[in-house]
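The next block holds one structure in the form of structure tokens; read it before the comments.
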Amino acid sequence: MEYMRKLSFPWTTSTYNNVIEAFSDVGDAKNMEYTFKQMQGEGMRADTKTFCCLIRGYANAGVFHKAGDLMKMEEVFRKMKQEECRPDAVTYSIMVEAYKKEAMDDKVHDLEQERLKIGVC
């Protein structure tokens with residue numbers, strides 16, 4: 001990625017998504033968040049993939065076991081919908097599992113109803 005910068009190739013949303021996804025896959029929430037903030041700082045618009053990777057990254061890092069970190073996941077999920085980025089089935093499943101682990105049955109029910117309403121399988 002630094003090589004791209006040295007050659008004056010600008011990073012795009014897709015470039016940032018790939019970096020965020022790499023950190024997400026290994027559960028590196030710290031670097032994932034840093035990259036997302038850098039993306040925002042450069043004025044790049046997050047898309048559905050960006051938000052899905054963030055939520056998956058939080059789950060892979062296991063941070064939803066702490067109430068404060070579950071709130072981070074909820075915040076990303078809300079922002080995703082506010083930005084009119086449609087959550088995919090994997091994102092819904094991750095959120096449902098996080099709520100189940102915290103015995104938040106009302107939130108599980110709400111998400112399952114929401115998923116059915118918008119037709120995400």
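A few remarks follow.
- Of note, V76 does not satisfy the criterion of being within 23 Å of I118 (Cβ to Cβ), β-branched (V, I, T) and surrounded by fewer than 18 Cβ atoms within 10 Å (Cβ to Cβ).
- The set of residues in the range 14-27 that are exposed (fewer than 15 other Cβ atoms within 10 Å of the Cβ) and either in a loop (DSSP other than H, G, I, E, B) or among the hydroxyl-bearing types (S, T, Y) (or both) comprises S14, V26.
- Test: residue in the range 37-47 that is within 12 Å of the chain's Cα centre (by Cα) and surrounded by fewer than 22 Cβ atoms within 10 Å (Cβ to Cβ): yes
- So K30, is it touching a Cys at 6+ places or on another chain (Cβ under 9 Å), on the phi < 0 side of the Ramachandran plot, assigned to a helix (DSSP H, G or I) and surrounded by fewer than 19 Cβ atoms within 10 Å (Cβ to Cβ): no
- When E102, E84 are screened for being surrounded by fewer than 16 Cβ atoms within 10 Å (Cβ to Cβ), over 19 Å from E21 (Cα atoms) and touching a Phe, Trp or Tyr at 6+ places or on another chain (Cβ under 8 Å), only E102 passes.
- Evaluation of C53 against the conditions (1) surrounded by fewer than 16 Cβ atoms within 10 Å (Cβ to Cβ); (2) closer than 18 Å to W11 by Cβ; (3) within 12 Å of the chain's Cα centre (by Cα) shows that the sole unmet condition is (1).
- Residue match in the range 59-67 (condition: farther than 17 Å from S93 by Cβ and at pLDDT 85 or above): no
The values are calculated or read from the model by the stated rules, or taken from the named source; none is laboratory data. These numbers come from a predicted model, not from an experiment. When we count neighbours, we look across all protein chains shown, and the Cβ atoms used for this are built from the backbone with ideal geometry, even at glycine.
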